[in-house]
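> A single structure is presented below for examination.
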Amino acid sequence: MSFAAKTRFHPLLWLLGLVLVLAWTQLGPSRGAPVVQLPASKADIQPGSVLPHTYGGVEHFAMPARFNKSEPTIGNGTISGTLHLFLKAARWPDGHLRMKGFAFFESDSWPEHWRETAALRWLGVRNVPEVYHQLRLGLRAGEGPQSGGWERELSLQTAMCPGILSDGQGDNKGFDDCVAHMRERKEAYYDYPDISVDFGKTGSVAYELFLYNTPRYFSLAGLLAHAKPAEVAGSPPAQPSIHKIMPPVVPHGSISSAQGAQRLAWQAEHHAAIGFTSVIMYTYPDQALALASEEVLQPLISSGKVQLVAWDELALWEGVKIYDQQLVFAHGVLSFYGRWTYVFPADLDEFLIPATADAALPAMLTTGCLSQQSECGILPGRAIFPHQADPPTMSEPDLWAQPGPSPLRHYRYASKQGGLPKPVLNPNHVFPAAIHYTNVCTGVGSVADGSSTDKLASPCDQRRPCTAVVESCAWVAHVINMHRVRGPPENATLLQPDWLWMSRSSAHAAVNSG
């Protein structure tokens, strides 16, 4: 019997296959998380209401990778997984084609020594030490390893010393000493290394990025060919845009889509009142569809004040909350590389508060008290409460579960306990964003060519710390009990009566009118 005869479908088998295909399209593959079922009246979502993760021009590359284990707590041998590179290219006004990005290694198994590290167990992963000490990436001109083009190793620099901030006076000796010390000692984890390449004024896009000691490489031709002009010509705009980047609303199943949408709407209204261009929430695809269908968000999405990004780049880890928070922040900041803009990476329960009534962020960043932190300013954080007593006089999660005006109007007290710093960043001059800090790149990178075999210099080879923002300028209000009760108001003090000045209708009108 011929092969064709062996593989000919019987009509009944064909019908059975059709039924299975239809069933699959209705059920879809499972990601290990609940799928939100939308009511029929909410299923018609307008095109463009949910953006792809490439909305800002960042491309994602991935390859298998393996490193020699160096931690005694996890034994000898190798640690294997997937190396993720997130890269963006732009053509700058000086004619140079530049690429910026970062690397993250997703290990096949959860490192044992991370289980005792609360910051990793609850806030997601960084890089294992093996990546910091062993990762080597090279740039090659030409197409394919047999092309004979030149090769240069890239300089991979990682942000360090989050506890040291600049006072704006230029004395970084303590910071420089801290970086030198951290480079020598072994940490439990490291932040994502910066990838910066200056291709010069070349018109060629025939370049490859390769991993040393393996046959693996990526072609950069597509990324470089689609590089858009950087929007940074001339002096900074008088009214720069500013965007808040947020990780997925909450872990699956914690709150309903209606509650998440209402809290996101309060976020957007608050930050629009102080001059933000938009709030951008990264969210898993099933959550994105549910959020976009909620009536309270639809006018905000239509106006661009809320943008939802479908984020599904990594498989989730069972039992690990907010797994990819830092990855979202780094990706969100990188998405605005090559633009005159500012980015505020923070959570759904955090609100930026200008200390001066009727102050708007664009003016504060250009001529006001934030203009001295033009690359990176770290805002102090305070946990806020509607009460000073413990046990509390009201349930905060219940406050945030009800529709209506923003529950912030009930808050009167603030404490340093539970408050966390958050940065306001210029995406063109910083290391990949961490959850609470980063470093500023102050060097000058070398142009990638074959004139030398030395490692390519990166702008991040020299660095300085971010600048501390004083509380009398601006601060971050952290509603630590928004979703669930996490802490009492320890040492809480009374806020100024007009601390929430932006909630006044006159303030909204003043900001919105320019």
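> Kindly provide the trypsin sites (Lys or Arg not before Pro) of the range 415-512 that DSSP labels as loop, not H, G, I, E or B, and whose Cβ sees at most 15 other Cβ atoms within 10 Å. List each step's numbers first, then the result.
Details: sites: K416, K455, R463, R484, R486, R504; in loops: K416, K455, R484, R486, R504.
Qualifying residues, ordered by number: K416, K455, R484, R486, R504.
> Please compute the per residue accessible area over the range 409-467 with all protein chains in place, 1.4 Å probe, rounded to a whole number of Å².
Numbers: 2240 Å² over 59 residues.
On a per-residue basis, the range 409-467 sits at 38 Å².
> A follow-up question, please. In cubic angstrom, how much convex hull volume per residue do the alpha carbon atoms of the range 451-504 span? Intermediate results must be reported in sequence, preceding the final value.
Working: hull volume 13.4 nm³, N = 54.
Each residue corresponds to 248 Å³ of Cα convex hull volume.
> Each residue of the range 196-203 in order: what ³J(HN,Hα) in whole Hz does its phi give by Karplus 6.51 cos²θ - 1.76 cosθ + 1.60, θ = phi - 60°, with x for Gly and Pro?
10, 9, 9, 7, x, 8, 4, x
> Right, here's the next one. In terms of modelled amide H atoms, which long-range or inter-chain residues lie less than 5 Å from the amide H of R412?
Amide H neighbours of R412: F385, H387.
> How many nm separate the modelled label positions at Y212 and D398, each set 7 Å beyond the Cα in the direction of the Cβ?
6.1 nm
> Related question: Amide H neighbours of W499 under 5 Å, counting only residues 5+ apart in sequence or on other chains, H built in-plane at 1.01 Å?
For W499, whose amide H was placed from the backbone, there are no distant partners under 5 Å.
> Using the basic label-point model (7 angstrom from Cα toward the beta carbon), what is the E153 to N172 distance in nanometres?
Rounded to a tenth, the inter-label distance reads 2.4 nm.
> Under a plain spin-label model, where a point goes 7 Å from the Cα along Cα-to-Cβ, how far apart in nm are A233 and V444?
Spacing of the two 7 Å Cα→Cβ label points: 2.4 nm.
> Turning to a different aspect of this structure: What FRET efficiency do you get for E187 and D312 if R0 is 30 Å and r is their Cβ-Cβ distance, rounded to the nearest 0.05? Intermediate results must be reported in sequence, preceding the final value.
Numbers: r = 30 Å, r/R0 = 0.98.
It comes out at approximately 0.50.
> Also, I was wondering about something else. Of K173/K201; K244/K455; K69/K416; K88/K422; K100/K305, which ones are farther than 32 Å apart at the Cα?
Details: K173/K201 36 Å; K244/K455 35 Å; K69/K416 39 Å; K88/K422 24 Å; K100/K305 27 Å.
Over 32 Å Cα-Cα: K173/K201; K244/K455; K69/K416.
> Still on this model: Explain nothing, just the number: relative contact order of the range 165-280, from Cα pairs under 8 Å at least 6 residues apart, as a whole percent. All intermediate terms of the calculation are to be shown ahead of the outcome.
Values: 52 pairs, mean separation 19.7, N = 116.
Once normalised by length, the contact order is 17 percent.
> Just to verify a number: what accessible area does T214 come out at with the full protein assembly present, 1.4 Å probe, Å² rounded to tens?
Approximately 60 Å² of T214 is accessible to the 1.4 Å probe.
> Right, next: With all protein chains present, how much of the accessible area of the range 161-304 (probe radius 1.4 Å) comes from carbon and sulfur, to the nearest whole percent?
Taking all protein chains in place, the range 161-304 shows 52 percent carbon and sulfur surface.
The values are calculated or read from the model by the stated rules, or taken from the named source; none is laboratory data. Quick caveat, the model's predicted, so the values are computed rather than measured. All Cβ positions, glycine included, derive from the backbone under ideal geometry; neighbour counts span all protein chains shown. To get the accessible areas, we keep the full protein, side chains included, count just its heavy atoms, and leave off ligands, DNA and RNA. Shrake-Rupley method; radii C 1.70, N 1.55, O 1.52, S 1.80 Å.
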